[in-house]
Amino acid sequence: MTAPNRPPFAPEIEQALSRRADLTVSLRPDEIPQLRSRAATANEEDFTRDGEFHLSRHRARDPRTGASPDVVLLRPRDRPEPVPVLYHVHGGGLVAGTAFDDLAMATELASGVGMAVASVEYRLAPEHRYPAAVEDVYAGLRWVAANAPGLGLDPKRIVISGVSAGGGLAAAAALLARDLAGPNLMGQILVCPMLDDRNDSDSSRQMAGVGVWDRTANETGWSAYLGAQPRSEAPVYASPARATDLSGLPPTYVDAGSAETFRDEDVEFARRIWAAGGAAELHIWQGGAHAFDAWMPEAALSRQARRTRAEWLHRLLVEHLLAEAARSGSTT
């Protein structure tokens, strides 16, 4: 059987892939401990040494589910309060990562527009299967919104974001916020999100054995999270691509590489938001591998992706302020 044709990597990305033996292509269940052991080891000092942010840790508790994740909060110094919040969910295929992973990307994005960053420490599979991770993410989100005034944060300006598995969990938390008791989100930023447990798209088959996080790795992550339950019964809050109703979601930014496993499910998610009457902006970066701007931030394509993401967030904040001013003017 011949291998399917696949889109090419951008030259910079392809060269970097050939040099980076630490990047995960395929992942099998017995390799999860190795993935965790070689994960990046960012810590508090990495985000506070330049004095831009004040870091604090908090325990969020949700009496509804019993979830009690830690939340790392980075508040910008010398900014008038209340400040908007980027609520960030780290990646790691549902099986690895910490609240400090991807945080450099989140703080760079937030810094440009004067936002605080809250990052949640959710439980990992396979030790903790669904719904542990999404319950933790949602518990942290509710805690941030409920405690925002006392923390100098603006509960009306919360944007949820996530990378890879974190993007899928962010999308699931946005569905929960819509369907349950809020909070109302100003927007969501889904960076190469892991949305669909079915793992049967053209892009999933194209990228088998190449790039970063291929079809085998994806199956390992989803199986660890969902366990033995039949896939046809996977809940929408586990696998957001299975949601039949994507109406009522906040403005959404989705991006991914053209040469990655999640490309097709991410395109489809944005298309279905549009079909439901929602607002979504979609960018597929030609030649990009999975999470390319996280592991090769210096590449020209990575800089373009981060710049475009930041421009969208800036527009979202400006549009919110204009809408608030218009509402205020209509009541005077």
Select from region 258-267 the residues that are touching a residue at least 40 places away in the same chain (Cβ under 8 Å) and either part of a loop (DSSP other than H, G, I, E, B) or surrounded by fewer than 24 Cβ atoms within 10 Å (Cβ to Cβ) (or both) and list them in ascending order.
S258, A259, E260, T261, F262, D264
Those residues of region 276-310 that are under 28 Å from G248 (Cβ atoms) and of a type in the set (S, T, N, Q) come to a total of 1
Tally, over region 115-128, of residues that are outside any loop (DSSP other than H, G, I, E, B), surrounded by 23 or more Cβ atoms within 10 Å (Cβ to Cβ) and not hydroxyl-bearing (S, T, Y):
4
Pairs, first basic (K, R) in region 196-217, second surrounded by fewer than 18 Cβ atoms within 10 Å (Cβ to Cβ) and not in a loop (DSSP other than H, G, I, E, B), C-beta under 9 Å, six or more apart
R198/R231; R198/R242; R215/R205
Run down R271, R306, R327 and say which single residue is touching a strand residue (DSSP E or B) at 6+ places or on another chain (Cβ under 9 Å), part of a helix (DSSP H, G or I) and of a type outside the set (S, T, Y).
R271
Close pairs (9 angstrom Cβ cut-off, 6 or more residues apart or separate chains): under 14 Å from M105 (Cβ atoms) and surrounded by fewer than 21 Cβ atoms within 10 Å (Cβ to Cβ) in region 288-315, at pLDDT 95 or above and basic (K, R) anywhere
P297/R303; P297/R306
Answer residue from region 27-42, given it is in contact with a Phe, Trp or Tyr (Cβ under 9 Å, 6 or more places away or on another chain) and surrounded by 11 or more Cβ atoms within 10 Å (Cβ to Cβ) and is modelled with the highest pLDDT among those
L27
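From G91, G112, G97, which residue is surrounded by 24 or more Cβ atoms within 10 Å (Cβ to Cβ) and on the phi < 0 side of the Ramachandran plot?
G91
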Enumerate the pairs (first residue in region 79-96 and without any contact (Cβ under 8 Å) to a residue 40 or more places away in the chain; second residue anywhere and assigned to a loop (DSSP other than H, G, I, E, B)) with beta-carbon separation below 6 Å, excluding pairs fewer than 6 apart on the same chain, so at least 6 apart or on different chains.
R79/G114
What are the residues in region 55-78 that are under 12 Å from Y122 (Cα atoms) and in contact (Cβ under 8 Å) with a residue 60 or more places away in the chain, if any?
A60, A67, S68, P69, V71
Per the list (1) touching a Leu at 6+ places or on another chain (Cβ under 8 Å); (2) assigned to a helix (DSSP H, G or I), residue check on D255 breaks on (2)
Region 274-298 - residue that is more than 24 Å from R20 (Cβ to Cβ) and in a helix (DSSP H, G or I) and, of those, farthest from the chain's Cα centre (by Cα):
A275
Going through region 129-142 in order, the residues found to be buried (at least 23 other Cβ atoms within 10 Å of the Cβ) and either hydrophobic (A, V, I, L, M, F, W, C) or free of Cβ contacts under 8 Å to residues at least 60 places away in the same chain (or both) are A133, V134, V137, A139, L141
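The values are calculated or read from the model by the stated rules, or taken from the named source; none is laboratory data. Because the structure is predicted, anything quoted here is derived from the model rather than measured. Here the Cβ is made from the backbone with ideal geometry for all residues, glycine too, and neighbour counts use every protein chain on show.
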